1. Round to the nearest 0.05 the FRET efficiency obtained for SER178 and CYS123 when R0 = 45 Å and r is the Cβ-Cβ distance.
2. If I model a spin label as a point 7 Å beyond the Cα along the Cα-Cβ vector, how far apart are those points for THR194 and LYS13 in nm?
3. In nm, give the distance between the simple-model label positions of LYS168 and SER152, each being 7 Å from the Cα along the Cα-to-Cβ direction.
4. What residue among ALA162, ALA66, ALA94 shows peak mean-square fluctuation when the chain is described by a Gaussian network model with Cα springs under 10 Å?
5. Are there any trypsin sites (Lys or Arg not before Pro) in the range 146-229 that are in a DSSP loop and have at most 14 other Cβ atoms within 10 Å? List them by number.
6. Calculate one ³J(HN,Hα) per residue across the range 157-169 by plugging θ = phi - 60° into the Karplus curve 6.51 cos²θ - 1.76 cosθ + 1.60, and present them in order as whole Hz with x for glycine and proline.
7. Count charges around ASP163 for me, please; just the other residues with Cβ under 15 Å from its Cβ, Lys/Arg as +1, Asp/Glu as -1.
8. Which length gain, in nm to one decimal place, applies between SER72 and LEU93 when the Cα-Cα distance is subtracted from 0.36 nm times their residue separation?
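Read the figures in this text as sums done on the coordinates, not as results from a lab. A quick note: this is a predicted structure, and the numbers were derived from the prediction, not measured. Neighbour counts are summed over all protein chains in view; Cβ atoms, including those assigned to glycine, are modelled from backbone coordinates with ideal geometry.
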Amino acid sequence: MTYPNLLQRVAAKEIATAIDRNGKKHRFFVSKGGSLCVYYPRCSRRGVLLNYSDLDNFVKYLPPPAPVDPASERGLRACYDRTIGKYKKLAGLASFTNGFNESCRALPDFDTWRSEPKQKSLCDYGITTGNRIDGVVISVARLALEFPVAMSRFRAAIGGEADSHLPKGKAGDFTFLSRVPFAGYEATGRLSRTEDGALSGCLSLEYKGCLNGYYYLLINDDTFIGYDVD
């Protein structure tokens, strides 16, 4: 296959990937400038220009996967798993409890959700406000790569260690991040414990100098999950 022909067929969404002589898969996309590119491994946003010489190594070209009908069994399952099921599963891993966590744990299983006359969304259940970060997670481990000291204090507070900012049995608030640069935004993170012992946490990623952005709630000891966009 020639380079112009491959470019044309990728742009027309007739070809999505190719397999080389070593069995490695290469995923194509067309850049904004109209050039044929391949994605970096495990990345869906960035890549490099395809070299003309690479065409000699390709032994098989594959079309994009067939779209999943949202109304099909497979489509319903995929929708459930990335939204309702994800919140239910992650909430079950928490060592603490609060209203948000309990609501997530109480979400229906797949069979119950599927049997409803109209499948409800996270917003319908009052879990999120219904937005584009539903199901998006930010792990404590990812934050710890950039803020090791702050997240070490966060973990101590989660565990209620005696010398932490939120020792067990004590009510209070703890800000472990305060408008620090993170992923192109300004990140702020807070933990709160009520007098009855309920622990909650939030993480906001706001535009620089603004009070608008993306808001995540702590769903278990290791994960923040999408809640609202402002």
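1. With R0 = 45 Å, the Cβ-Cβ based efficiency is 0.90.
2. The modelled label-to-label distance comes out at 4.7 nm.
3. Between LYS168 and SER152, the label points sit 2.2 nm apart.
4. ALA66
5. Values: sites: ARG153, ARG155, LYS168, LYS170, ARG179, ARG190, ARG193, LYS208; in loops: LYS168, LYS170, LYS208.
In loop regions of the range 146-229 (DSSP not H, G, I, E or B), the sparsely surrounded trypsin sites (Lys or Arg not before Pro) are LYS168, LYS170, LYS208.
6. 5, 4, x, x, 4, 4, 9, 8, 6, 9, x, 4, x
7. That sum, taken over residues with Cβ under 15 Å, equals +3.
8. Computed gain between SER72 and LEU93 is 4.6 nm.
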